[in-house]
Amino acid sequence: MSDSMPVTGGLVVLLAATMLTIGTGLTREAFTRLVRRPGALAAALIVNVVVIPAVALLIVTVLGLQGPIGYGIVLAAAAPGGGTGALLAAHARGDLALAVGLQGALAVLGLAAVPAWSALTSYGGAPAATTGGPQVLGMLAGQLIPLALGMALRSRHPTAADRAAAISRRIADVLLVAMVAYLLATTADELSALPVTAFAAFTALTTVCLAAYATPGLPDRPARRTVAMTTAVRNLSLALLIANLTTHPAEVGLTVLAYGLVMYAACGLALVAFRAVDRRLVSIT
């Protein structure tokens with residue numbers, strides 16, 4: 001498999017641009033509204049940390065996916081809080097405060113979720129539960145700093161925040177497209193070696209993730225769109241970090257990257273559907 005370091009580096013830069021974009025659109029009032037309805041956040045957390053990994057474990061068992069491939073699928077599912085989930089939630093006209101709250105909470109919960117679900121797989125090459133903690137905390141800091149800078153800019157200089165948001169959002173969009181293109185260009189031959197059942201598992205899992213739109217307890221359409229997008233986008237940075245620490249880093253890493261491609265394709269289709277609904281609602285009103 002191609003070195004995953006360029007992908008990890010690209011994800012870090014993409015995450016910083018995404019969180020700056022989200023921060024410039026957030027206010028304290030938005031977080032106040034989120035605190036007043038903790039049920040939505042709690043329901044989304046349960047779906048991400050419990051339901052999705054459990055579904056992944058069921059899928060790989062039913063399809064007979066063992067070893068590094070089966071583990072890679074469960075690993076991706078158990079690593080919640082992908083940074084681009086907030087960016088896609090913004091494109092979907094979702095609830096930005098909920099997206100940020102979810103992303104921050106899931107980044108921390110992922111530290112416990114990944115080793116817990118790894119222990120339930122039949123794969124014997126997973127790293128120790130305490131491995132990778134400092135790197136993950138560094139990723140979390142990389143999210144909070146640009147988010148705080150964006151919120152501070154919004155609070156003090158709203159006009160400048162609007163300009164910064166437009167620029168950082170374009171950068172994030174370009175980086176996302178470039179990263180997907182890079183993955184396709186560098187892993188195309190290796191992807192063809194994965195079994196068809198692996199891609200069936202990727203498709204089934206991303207479909208279940210997007211179905212989180214129907215999570216009970218969500219108050220409105222923006223919240224549902226946010227939960228769908230943040231659930232569908234798993235934390236590839238965390239998953240690749242753990243993959244590199246396994247006894248089969250190439251195979252596990254390739255599985256995670258392949259899942260990421262299917263994940264982003266599914267999210268793109270969901271965005272198209274959301275935009276179509278928005279256009280229909282505008283025509284009705």
(request) Return Met19, Met151 ranked ascending by Cβ neighbour count within 10 Å, so the fewest neighbours appear first. (result) Met151, Met19
(request) Quick one: dipole size for the chain, taken about the Cα centre, charges +1 on Lys/Arg Cβ and -1 on Asp/Glu Cβ, in debye to the nearest 20. (result) 1160 debye
(request) Pick out, from Pro115, Val282, Leu183, the residue whose Cα sits farthest towards the positive end of the charge dipole of the range 5-284, with +1 on the Cβ of Lys and Arg and -1 on the Cβ of Asp and Glu. (result) Val282
(request) Calculate one ³J(HN,Hα) per residue across the range 227-235 by plugging θ = phi - 60° into the Karplus curve 6.51 cos²θ - 1.76 cosθ + 1.60, and present them in order as whole Hz with x for glycine and proline. (result) 5, 4, 6, 6, 6, 5, 8, 8, 7
(message) On the principal axes of its Cα set, how long, how wide and how thick is the chain? Give whole Å, largest value first.
(response) 52, 37, 34
(message) Please list, in order along the range 67-76, the HN-Hα scalar couplings obtained from phi with the Karplus expression 6.51 cos²θ - 1.76 cosθ + 1.60 (θ = phi - 60°), rounded to whole Hz, x for Gly and Pro.
(response) x, x, 5, x, 5, x, 5, 5, 4, 4
(request) Give the peptides 268-278, 159-169, 99-109, 232-242 in descending order of average Cβ contacts within 10 Å, highest first. (result) 232-242, 99-109, 159-169, 268-278
(message) Nearest 10 degrees is fine. How inclined is helix 133-156 to the longest principal axis of the chain, computing both from alpha carbons?
(response) 10 degrees
(request) Please get the size of the charge dipole for the range 185-276, origin at its Cα centre, with Cβ charges of +1 on Lys and Arg and -1 on Asp and Glu, quoted in debye to the nearest 20. (result) 480 debye
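Only the coordinates and a few stated rules stand behind these numbers; no lab work does. Bear in mind the structure is a predicted one, so any value in this text is a computation, not a measurement. Here Cβ is always computed from backbone atoms with ideal geometry, including for glycine, and neighbour counts include all displayed protein chains.
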